[in-house]
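Asks: Before I ask anything, let me first share the structure, which is written out below as structure tokens.
The values are calculated or read from the model by the stated rules, or taken from the named source; none is laboratory data. For clarity, every value in this text was computed on a predicted model and none was experimentally measured. All Cβ positions, glycine included, derive from the backbone under ideal geometry; neighbour counts span all protein chains shown.
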Amino acid sequence: MPAVHSVAPSRASFVRVISAVLVAAFAACSSDSDDVSRRDCERLRDHLIELRLEAVTADREQHRAALEAAVGPTFIDGCLEQISPEHLRCSLAAADSSALAECVEPPSR
């Protein structure tokens, strides 16, 4: 049962990270969204899933499936509409969750 128990927190954490990426994009209110393609958003989704899976030591495919289901097409749509090229580049370059967190910090005013 520990593997099943660990899936829910992982999914919840991943959804929070995804939400943070999109919130940062919404805050940026970029008008450059035309520069972000569906393929870019798919790459970002896949990269975020890979970052999340780095901490998983058991049942990786089960975790991957749960994360992919949690993200769904809503992520791609939100990414296409709202993420700026700058946030996309930063998020894709993030090598770990700490680096990703730096991408989603709200802009200073």
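Asks: Every residue in region 49-85 that is of a type in the set (Asp, Glu), touching a helix residue (DSSP H, G or I) at 6+ places or on another chain (Cβ under 7 Å) and in a helix (DSSP H, G or I), please. Full working, then the answer.
Replies: Applying the first criterion (of a type in the set (Asp, Glu)) to region 49-85 yields 50, 54, 59, 61, 68, 77, 81.
Subset that is touching a helix residue (DSSP H, G or I) at 6+ places or on another chain (Cβ under 7 Å): 59, 68, 81.
Across region 49-85, the qualifying residues are 68, 81.
Asks: Then there's this: Just to be sure I understand the filter: pairs with C-beta atoms under 9 Å, separated by 6 or more residues or on different chains, first member in region 63-92 and free of Cβ contacts under 8 Å to residues at least 40 places away in the same chain, second member of a type in the set (Val, Ile, Thr) and part of a helix (DSSP H, G or I). Which pairs pass?
Replies: What qualifies is 64/49; 68/49.
Asks: Here's another thing I want to ask about it. Check 65, 69, 55 and return the single one that is closer than 23 Å to residue 103 by Cα and surrounded by fewer than 16 Cβ atoms within 10 Å (Cβ to Cβ). Break it down into steps so the answer makes sense when it comes.
Replies: Working: 65 fails: closer than 23 Å to residue 103 by Cα; 69 fails: closer than 23 Å to residue 103 by Cα.
That would be 55, the only listed residue that is closer than 23 Å to residue 103 by Cα and surrounded by fewer than 16 Cβ atoms within 10 Å (Cβ to Cβ).
Asks: For region 72-82, enumerate the residues that are out of contact with any Phe, Trp or Tyr (no Cβ under 7 Å at 6 or more places or on another chain) and surrounded by 12 or more Cβ atoms within 10 Å (Cβ to Cβ). Let's see the steps before the verdict.
Replies: Here is the first cut: in region 72-82, the residues out of contact with any Phe, Trp or Tyr (no Cβ under 7 Å at 6 or more places or on another chain) are 72-81.
Within region 72-82, 75, 76, 77, 78, 79, 80, 81 meet the criteria.
Asks: So residue 85 passes all but one of these: (1) at pLDDT 90 or above; (2) surrounded by fewer than 16 Cβ atoms within 10 Å (Cβ to Cβ); (3) over 15 Å from residue 39 (Cα atoms). Which condition number does it fail?
Replies: It fails just one condition, (3).
Asks: Same structure, new question: Filtering region 88-109 down to residues that are modelled with pLDDT of 90 or more and part of a loop (DSSP other than H, G, I, E, B), which residue is nearest to residue 55 (Cα to Cα)?
Replies: Here the residue is 96.
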